[in-house]
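The values are calculated or read from the model by the stated rules, or taken from the named source; none is laboratory data. All values derive from a computational prediction rather than experimental measurement. Virtual Cβ from ideal backbone geometry, glycine too; neighbours counted across all protein chains shown.
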Amino acid sequence: MKRVWTLVVAATTLTVLALPAFASSGGHDEAGHGDAHGQPKDKASESSEFILHHVADDTEFEFELPFVHLPPIHIAELFGKEPGQGLFIEREPGACTRPVEKSQEAFASIFKFMNGCWDLRPTKAVLSMWIAMGLLALILFLGRSRDQNGVPRGVFANIVETLLLFVRDEIAIANIGKEEGPKYTPYLASVFFFVMCTNYLGLIPGFFTATGVLGVTIALSIVTFIMTQVAGIRSAGVVGFFAHLFGDVPTWMKPLMFLVEFLGLFTKPFALLVRLFANMLAGHMVLFFILSLIFVVHLGAAVVSVPLATGLYLLELFVALLQAYIFTLLTALFIGQGVALGHHHHPEGGDAHH
Amino acid sequence: MNTLVLASSFTDVKPGLIIWTWITFIVVLFILKRVAWGPLLKSVEDREKNIINAIESAKRERSEAEKLLGEQKSAVAQARQEAAEQVRKTQADLEKFREDLMGKARKEADDLKAEARRTIEEERVKAVADIKAQAVQLSLQVAEKLIAEKLDDAKHQALAQQFVTDLSRKPPSA
């Protein structure tokens, strides 16, 4: 009971710590998104603007501290200030400065990229990934203590080993099998800890959730996609892999089957990337929206919104771990399906679960 | 409109971000695989192996100990049985030996007795013969002395012999 209270108090403190961030929302430089200058802004649109600014990727990172206005870290500018400098590659003159067409606004960066503006500078999301990996390194460093029998000693060592063994036994071996599972454990453990640390970093007030950015989850899903296909091809061979796409159906159904299976190859990682992205983004947005009620509606809304936000924060603590688990689990499941392709074609193939 | 533009920043996919995520992830993957997961998983596997070995060797030792105990128990029982057998046999031997000895001794004693009896008998017969001879002699001398002079030696001797023989035929007590 005492521990529950400690957790609640800690979560409330962290939630309240996030509040003053709203106060500093006016001071952002608006370069990242075309703000309508000069228009009088009401509190609601100001709040939503701040929230969107908080959860979206940007070229700069500002550590939002209460009452203190730290100078933002212009992470992108360290790698090239103007188009054509450093990693800010401009292959077609004017491609970066020219605004995209209205129909292309939803995926502006991709169209800009295709037009020749290769903005490869690290952004806020990249910086927060690096911070998260730094934290992971710190945790692994703190968790290196072992006694002479190799038994972990201390909190961090136990946490790391518990999670690692969970990934090995419950995710890798459970879904891929006893022979192939351990081979994929380092990859799956890396995915798990990467996603988990990135998720948790976003829950520290002031930091940013890189997994709530589409680009990051797309990148991770593409890695998973490649791993899945590699596992399938390695297990069944190129011929067996493509034969599998047509399935064990009558000949006239084969083209249809191929379509379904081929689409399935992409829908699986697509669902993976959208799930992680949406979960991480939505949680943070809802948390902020509830807190913004204090500024938009009335100060008295704090009575409702702070406990609600605290509860949501606790839920987010769980979701951060859960999403890391689900991402890793589904990755393992897809790899396991790929591995099972090889056993599928052997008549006495043991653990093929088809 | 403004919000729509902002909202598009969610769907915006920056190719640079994808590439940086790959770089970060792959670097992390290789470093962790080398520095963290490899050694960690190896130590865990070693530990698991050690535990399995320890359990197995404990089981083996236990069964061995039980086997040894059983062997020892049966050995003790056998030794006890053997000892009992030995004692019994020794006792029987002893008994037999004692009986043999006793029998031998008795036989010897009997033999000795019989020998003694025979000797006595012989001696007695001899003595009786001697006595008889001497009695003949004595009586002859006595008769010689009594009758004084020359009797026919042969005639008298036969007479005296006749007399002594008659004498011996009568029981001495009668």
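List of remarks:
- Residues (over 14 Å from B:Trp22 (Cβ atoms) and surrounded by 19 or more Cβ atoms within 10 Å (Cβ to Cβ)) located in the stretch A:214-240: A:Leu214, A:Thr228, A:Ala231, A:Gly232, A:Ser235, A:Ala236
- Residue within the stretch A:103-124 that is more than 10 Å from chain B (Cβ to nearest Cβ), surrounded by fewer than 19 Cβ atoms within 10 Å (Cβ to Cβ), in contact (Cβ under 8 Å) with a residue 24 or more places away in the chain and touching a helix residue (DSSP H, G or I) at 6+ places or on another chain (Cβ under 8 Å) present: no
- Of all residues in the stretch A:199-213 being among the small types (Gly, Ala, Ser) and either surrounded by fewer than 24 Cβ atoms within 10 Å (Cβ to Cβ) or more than 14 Å from chain B (Cβ to nearest Cβ) (or both), the one that is farthest from A:Met133 (Cα to Cα): A:Gly206
- Condition check for A:Phe258: free of Cβ contacts under 8 Å to residues at least 60 places away in the same chain and closer than 15 Å to A:Leu330 by Cα: no
- Against the conditions (1) crowded, with 16+ Cβ neighbours inside 10 Å; (2) modelled with pLDDT of 90 or more; (3) polar (S, T, N, Q), B:Ser8 satisfies every one except (2).
- Extreme residue, farthest from the other protein chains (Cβ to nearest Cβ), among residues of the stretch A:214-239 that are under 16 Å from A:Phe277 (Cα atoms) and in contact (Cβ under 8 Å) with a residue 60 or more places away in the chain: A:Thr224
- Odd one out for A:Leu276, checked against (1) farther than 23 Å from A:Thr331 by Cα; (2) within 14 Å of another protein chain (Cβ to nearest Cβ): (1)
- With respect to the conditions (1) assigned to a loop (DSSP other than H, G, I, E, B); (2) surrounded by 15 or more Cβ atoms within 10 Å (Cβ to Cβ); (3) among the small types (Gly, Ala, Ser), A:Gly86 falls short on a single one, namely (2).
- Applying the set (1) touching a Phe, Trp or Tyr at 6+ places or on another chain (Cβ under 7 Å); (2) within 21 Å of B:Asp46 (Cβ to Cβ); (3) more than 9 Å from every other protein chain (Cβ to nearest Cβ) to A:Pro186 leaves exactly one unmet item: (3).
- Residue within the stretch B:89-105 that is of a type outside the set (A, V, I, L, M, F, W, C), within 14 Å of chain A (Cβ to nearest Cβ), loosely packed, with under 11 Cβ neighbours inside 10 Å and in a helix (DSSP H, G or I) present: no
- Check on A:Thr310, under 30 Å from A:Phe50 (Cα atoms) and assigned to a helix (DSSP H, G or I): yes
- Note on the stretch A:319-346: residues that are more than 15 Å from the chain's Cα centre (by Cα) and among the aromatic types (Phe, Trp, Tyr) total 1.
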